[in-house]
Amino acid sequence: METPVVIGLSAVVVAIRDGEAMVLTVRPRNQDLQGLPFGPFDPEGHRTFELALRAFVTEQTRFNLGYVEQLYTFGDKGRDAPLAVLSAGSDRARVISVGYLALAPAALETHTPDSDWRPWSRFFPYEDWRSGRPTSLGPIEAALQRWADSHPDRLSRARLLFALEGAPWNEERVLERYELLYEAGLAHEAARDRGERPGVSDDLARAVGEPMISDHRRILATALSRLRGKLKYRPVVFELMPEAFTLSSLQRAVEAIAGVPLHKQNFRRALERAELVEGLGRLEPDTGGRPAELHRFRREILGARPVSGLSLPLQRD
């Protein structure tokens, strides 16, 4: 008998709140873990994937999506373990999930008890270098060293991905880092998918980050990798900003996504050279200090000339 195929849609919805990058999550019924908004694609009732995605996200969270782009198709056998049930059909169905990245200018309240905005750093605490090297890398490094013992190729991958032994940090390799943790059996989902109990200490579990249902943390890692890379070649960060913003709030938003601290003066020089923003001639008084000028994104230039992303001049110690 042929295995039926079910097409599901998953949404990584990102917004900025108080200088933090937030992800919209849902808690499926009878589950302890959070997941991403997800639902089935009905070829009879839905004209396009994107329209279906927008409809079920609004249904699950009462939140209307803004900017949306297709992310990736996740079709690995067993990826739906243990419960990505999208239909009432056979439990033998192969679940193919089409992931989407959506950006919102504000993390508006969803008014739905089973949905919530959570910082992405709760799921990947080791990805946040804004205040320096994360302390969570300590137990991760020790665990990876034990896993890589007498396997030079493993040690080399761990060193490059997690910036061990003085190797440089590459903020875009979020997915590769998560997949290495999964391969090493350090991610909660690895033991769960094998039907085993997690065998790591509480300290290591906290360092690796909160698990999610199914393979949703892998989908989230894919989205964060995409968004971090896209910051540099498309002005996508402005989809996360209100119509009027200060340059400081813009820098905090970029840092929240990239997970690294930026050099203030060099960041502003790069903005000026790119001619992406212009001052509005009025001040934002609620900055906690000197009033700062409000700016806007010059969206009209998108149709006038090729537009790159933002330079990320790192703040050096």
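Inside segment 119-151, can you point out the residues that are open to solvent by 70 Å² or more (accessible area, probe 1.4 Å), in contact (Cβ under 8 Å) with a residue 60 or more places away in the chain and more than 14 Å from Ala207 (Cβ to Cβ)? Of everything in segment 119-151, just one residue is open to solvent by 70 Å² or more (accessible area, probe 1.4 Å), in contact (Cβ under 8 Å) with a residue 60 or more places away in the chain and more than 14 Å from Ala207 (Cβ to Cβ), namely Ser131. Inside segment 216-233, can you point out the residues that are open to solvent by 20 Å² or more (accessible area, probe 1.4 Å) and not in a helix (DSSP H, G or I)? Of everything in segment 216-233, those that are open to solvent by 20 Å² or more (accessible area, probe 1.4 Å) and not in a helix (DSSP H, G or I) turn out to be Lys232, Tyr233.
Picking from residues in segment 255-282 that are out of contact with any strand residue (DSSP E or B) (no Cβ under 7 Å at 6 or more places or on another chain), within 28 Å of Pro134 (Cα to Cα) and charged (D, E, K, R), the one that is surrounded by the fewest Cβ atoms within 10 Å (Cβ to Cβ) is Lys264. As a summary of the residue check, Asp203 satisfies the conditions (1) under 22 Å from the mean Cα position of the chain (by Cα); (2) not in a loop (DSSP other than H, G, I, E, B) except for the one numbered (1). With a requirement of 2 or more residues that are at pLDDT 80 or above and of a type in the set (S, T, N, Q), the strands (runs of 3 or more DSSP E) lying completely within segment 30-106 that satisfy it span 67-74.
Within segment 100-118, being acidic (Asp, Glu) and either within 15 Å of His216 (Cβ to Cβ) or in contact (Cβ under 8 Å) with a residue 60 or more places away in the chain (or both) holds for Asp114, Asp116. Going by the structure shown, is Glu272 free of Cβ contacts under 8 Å to residues at least 12 places away in the same chain and either in a helix (DSSP H, G or I) or under 17 Å from Ala15 (Cβ atoms) (or both)? Judged against the criteria, Glu272 is a match. Residue under question is Leu247, and the condition is that it be of a type outside the set (Asp, Glu) and open to solvent by less than 60 Å² (accessible area, probe 1.4 Å); does it hold? So Leu247 fits the description; yes.
The values are calculated or read from the model by the stated rules, or taken from the named source; none is laboratory data. These numbers come from a predicted model, not from an experiment. As a convention, Cβ positions derive from the backbone with ideal geometry for all residues, glycine included, and neighbour counts pool all protein chains shown. Side chains are part of the model used for accessible areas, which takes the heavy atoms of the whole protein and leaves out ligands, DNA and RNA. Shrake-Rupley method; radii C 1.70, N 1.55, O 1.52, S 1.80 Å.
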